[in-house]
Every structure is written in structure tokens, then in C-alpha cells.
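Enquirer: Can you read through this structure? Questions will come right after.
The values are calculated or read from the model by the stated rules, or taken from the named source; none is laboratory data. Just so it is clear, the structure is predicted and the values come from calculations on it, not from any experiment. FYI the Cβ positions are ideal-geometry reconstructions off the backbone, even for glycines, and counts take in every protein chain you see.
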Amino acid sequence: MQSIALAISTLPAALSGNLAGSNLGIYDAWISKYNSAGELIWQRQTGTTGYDAASSLAVDNDGNAYAIGWTDGNGGNSSDRIAWISKFDSNGNEIWKKQLGTSDYDVSKGAISIGSDGSLYIVGRTNNNLPGISQGSTDAWVAKYDSNGNRIWVKQIGTAAWDEAKSVASDSDGNIYIAGSTKGNLGGTNAGDADAWLAKYDSIGNQVWKQQIGTIAEDEAFGVAVTNNGYVYLSGHTQNKLGDNFSGNIHEWTGEFDIMREALYTNDKSKLGGIYYGSADAWVAQFDAVTGVLKWKRQLGTSAYDSATGVATDIHSNAYITGRTRGQVADTYSGGDDAWVAKYNVNGALQWVRQLGTVGDDVSNGIAVSGAGVYIGGVTSGNVDGNNLGGDDAWIAKLS
């Protein structure tokens, strides 16, 4: 049966205690492998004597798993947190581990993507020169490795303000797409507070295009996915008044860039993606992968906090987004944070929304799509399957 690779997290993806072996320090990182029927195949725990966390996971065509995260433990050249990447074979044996960092704060709380040639791309943020010249307080970075753990190149991206890369995806031609947030002018003029940004690079690290979108409030991008026929999807959350088309608890709006591609507009008002109805709303946007032009944008929200934490696509270029809500996005609100997942077709039409949760906090921060179904995973303080083991538990669910 097909195995599923999904980044699920507790602190995030950090463990305090013994999940699959002896705890090595304050927190250990861990990964688990399940088959498509939800049966556990293996679990592995890795770490140092310090704090170790995993933030993302990807699996290649041979079944090897690559995990990334950050550590403040031994084995690196940093006095603060640095990024790491590890390779596990299909049986869960750790093949190699590499660290990337400076004498300052360098972490990968972002994502990993495997290129069509087996190359590995990881993203994160740094407070120092890694390896370029630091542009400001925090810069984004992207690094390329081969499957043997050899670093090919690193690119540092930033402004004089705060910049971070949070997600990465790769297409069949070897191009990569990086998503993140900035408080500077990274791909356009900052509209206020944090803006979302999306950039395309080729396989040797040359920038192809870069876009920045935002309002006067906080707008962040957390997920990016690319299809085989030229579409890029971006997802995140926003905290501004966004449009004027409202139907039930689902808010939708179609927008376009102004001539400078710096903001989104409708009726001469600065917008991001739809009507704003709460403390934060989720959004998803589709871009042309070749030109970077925005095709459409949709927004989901309630009167409470809503955010989209991840996005994935299927073979038909449909987009699936997942996240968290403190309201009733769909179905029944159970209490605390509820997880949700929504499907949009290639033209931006909403197909369905599902909400699941307990009386505790239930957060979805990972999503994967295969021919067998949609898989989401995250953290719960409740009893998702009736068997909470104490504190926050990880969970994974399949929707068919």
C-alpha cells in the first residue's frame, strides 16, 4: 500500500518524552510512517542534548524520507539555533544528517521540496550572513542539496526589515517557488505591517520573478504548491478588511494586481482577497507559474480567528487548503481550535469544506494529496480518536 509523507507537529514536531526511543535532550524531533490505511509502519526519534524540532518532511520516489528542522544542541557551529536536514531510508534508518548555520539564529521552520532530479530544497530564516550579506534584522534563505547531503548552493533573500521563507515547492522543470512574509519591499512596495511574497528561482539559483501582496494590516503566506500544467497556489492568513462579497461563513473575491503588482484592488479600495470578517481570515491564491501573474484569489473566514497553514494539489490542478479556526467554517464548531480542509477547482470555485475537532484545541498544519485521498495532520489537546495520551498529541486523518 502507498505510504504517506506528512509533516505533523507538536512543538512543532518536537517531542518531550519517549515516543520511539530514549529521549536525548530537552525536546527530540521525530517522524512517523503510516500506510494509506492508517496503520503505523515505524516511528523514529532523533536529537541532541538540547532542543531539537522537525518542521517538514518529504519522500522521494525510492521511499527515502527527508526531514528538516532546527536545533540548539551539539554538532553545529552555532551558539544559537541552526537548521538541520536528515535522510532516512524506507525502513526508517537514518542515512545522514547535515546542519546549516552561523554564529547567530538560523532556523528552518519552513518546508522541504524534492525536485524531479532528486535535488532537495529547504527554506528558513537567518539573523546573519548565510552565505550572503545580511540585509536586515532577519533574512529569508533557500538552500539546495543533492540526495547524498552535499550542499550545492544557498541564496539569501531580504530587505532592511524582517523577511522569512516559510514554504517551498518545485516543478518538473527544476524550478522552485518560495513563499514567505516580509515587512520590507521584497517584491513590491510594502503595504503595511507584514506582506506575503512569492518568488520563482531556476535550478541553479537564479531569480526568475518575485511578487509581493498585502494590505495595511498583517498578511502572511504559509503554504505553496505547484502543478504540472503551470499553476502555483499560495495560502496564508490576513488581518484586514478584504472585499465585499459575502455568502454564509465563506467569503470569496476575485482580484487582480495593479500595474505595479504591489497590491490587490477592487472598486478602487485596497484589498487582499475577500471580505474580512474576523480577527484573521484564511486565503488561497492562484498564480501563473511562467509569468507570476495572479489569476484569482479566494478567502475563507468567520467572525473568529481563521488561518490556512498548508496547500496541496491533485493531478487535475485542484487546490486543497487546510488550517485552523475558532469559528464555524463548515459543519459544527467543537470548541477551541478546530481543523478544517477545503477544496477549490482550477477556476477558483469552492467544491467543499470540512471541519473537524474536539472540545480541546485541534490544529491542522500539514496536508498531502494522493489518488487514495486527502491526508491532513497536526496537533490536538483533545481526543481526536478517543485515545489522548496526555498533553498535546499528534494526529493524522484521511478524507476520501
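Enquirer: Sort through 313, 325 and tell me the only one that's more than 16 Å from residue 234 (Cβ to Cβ) and touching a strand residue (DSSP E or B) at 6+ places or on another chain (Cβ under 8 Å).
Expert: Details: 313 fails: more than 16 Å from residue 234 (Cβ to Cβ).
Exactly one residue qualifies, and that residue is 325.
Enquirer: Let me ask another. For segment 109-127, enumerate the residues that are charged (D, E, K, R) and crowded, with 24+ Cβ neighbours inside 10 Å.
Expert: To start, the set of residues in segment 109-127 that are charged (D, E, K, R) comprises 109, 117, 125.
Result: 125, single match.
Enquirer: Residue 349 passes all but one of (1) more than 26 Å from residue 169 (Cβ to Cβ); (2) without any contact (Cβ under 8 Å) to a residue 12 or more places away in the chain; which number fails?
Expert: Looking at each condition in turn, residue 349 falls short on (1).
Enquirer: Within the set of pairs 6+ apart or on separate chains, which have a first residue in segment 28-42 that is among the basic types (Lys, Arg), a second that is modelled with pLDDT of 85 or more and part of a loop (DSSP other than H, G, I, E, B), and C-beta atoms under 7 Å apart?
Expert: Within 7 Å, the pairs are 33/92.
Enquirer: Restricting attention to segment 153-170, which residues are surrounded by fewer than 20 Cβ atoms within 10 Å (Cβ to Cβ) and closer than 20 Å to residue 57 by Cα?
Expert: Passing the criteria: only 154.
Enquirer: Looking only at segment 292-331, how many residues end up being within 24 Å of residue 171 (Cβ to Cβ) and part of a loop (DSSP other than H, G, I, E, B)?
Expert: 7
Enquirer: With the requirement that a residue be without any contact (Cβ under 8 Å) to a residue 60 or more places away in the chain, surrounded by fewer than 24 Cβ atoms within 10 Å (Cβ to Cβ) and touching a Ser or Thr at 6+ places or on another chain (Cβ under 7 Å), what does segment 318-334 give you? Let's see the steps before the verdict.
Expert: Within segment 318-334, the first condition is being without any contact (Cβ under 8 Å) to a residue 60 or more places away in the chain, and the residues that meet it are 318, 320, 322, 324-326, 331-334.
Pick out the ones that are also surrounded by fewer than 24 Cβ atoms within 10 Å (Cβ to Cβ) and you get 318, 326, 331-334.
334 - this is the single residue of segment 318-334 that is without any contact (Cβ under 8 Å) to a residue 60 or more places away in the chain, surrounded by fewer than 24 Cβ atoms within 10 Å (Cβ to Cβ) and touching a Ser or Thr at 6+ places or on another chain (Cβ under 7 Å).
Enquirer: Residues of segment 88-128 being at pLDDT 70 or above, outside any loop (DSSP other than H, G, I, E, B) and under 24 Å from residue 222 (Cα atoms), which ones? Spell out how you get there, then give the answer.
Expert: Of the residues in segment 88-128, the ones at pLDDT 70 or above are 88-100, 110-127.
Okay, now just the ones that are also outside any loop (DSSP other than H, G, I, E, B), so 88, 94-100, 112-114, 120-126.
The answer is 99, 100, 112, 113, 114, 120, 121, 122, 123, 124, 125, 126.
Enquirer: Considering only segment 168-180, state which residues are within 18 Å of residue 127 (Cα to Cα) and at pLDDT 95 or above. Steps first, answer last, please.
Expert: Step one: of segment 168-180, the residues within 18 Å of residue 127 (Cα to Cα) are 180.
Within segment 168-180, none qualify.
Enquirer: Can you tell me which of (1) modelled with pLDDT of 80 or more; (2) surrounded by fewer than 22 Cβ atoms within 10 Å (Cβ to Cβ); (3) β-branched (Val, Ile, Thr) is the one residue 85 doesn't meet?
Expert: (2)
Enquirer: Identify all residues within segment 302-317 that are closer than 16 Å to residue 400 by Cβ and crowded, with 18+ Cβ neighbours inside 10 Å; write none if there are none.
Expert: 312
Enquirer: So, in segment 340-362, how many residues would count as being within 27 Å of residue 287 (Cα to Cα) and crowded, with 16+ Cβ neighbours inside 10 Å? Spell out the reasoning first.
Expert: As a first pass, look at segment 340-362 and keep what is within 27 Å of residue 287 (Cα to Cα): 340-355.
Subsequent filtering for residues that are crowded, with 16+ Cβ neighbours inside 10 Å retains 340-344, 346, 348, 353-355.
Adding up the residues that qualify gives 10.
Enquirer: Sort out for me the strands (runs of 3 or more DSSP E) sitting completely within segment 178-237 that have 3 or more residues that are within 15 Å of residue 165 (Cα to Cα) and in contact (Cβ under 8 Å) with a residue 60 or more places away in the chain.
Expert: By residue number, 207-213, 219-226.
Enquirer: Counting just the residues of segment 213-233 that are under 10 Å from the mean Cα position of the chain (by Cα) and under 18 Å from residue 124 (Cβ atoms), which one comes out modelled with the highest pLDDT?
Expert: So the first thing to find is which residues in segment 213-233 are under 10 Å from the mean Cα position of the chain (by Cα), and the list is 221-225.
With under 18 Å from residue 124 (Cβ atoms) added as a condition, the list becomes 221-224.
On the way: 221: 90, 222: 92, 223: 94, 224: 97.
Out of the qualifying residues, it is 224.
Enquirer: Let me ask something else about it. Across segment 378-391, which residue is surrounded by the fewest Cβ atoms within 10 Å (Cβ to Cβ) among those that are among the aliphatic types (A, V, I, L, M) and modelled with pLDDT under 80? Quick ask: steps written out before the conclusion?
Expert: From segment 378-391, those among the aliphatic types (A, V, I, L, M) are 379, 384, 389; that's our starting set.
With the extra rule that they be modelled with pLDDT under 80, the set shrinks to 384, 389.
Values: 384: 21, 389: 10.
Within segment 378-391, the match that is surrounded by the fewest Cβ atoms within 10 Å (Cβ to Cβ) is 389.
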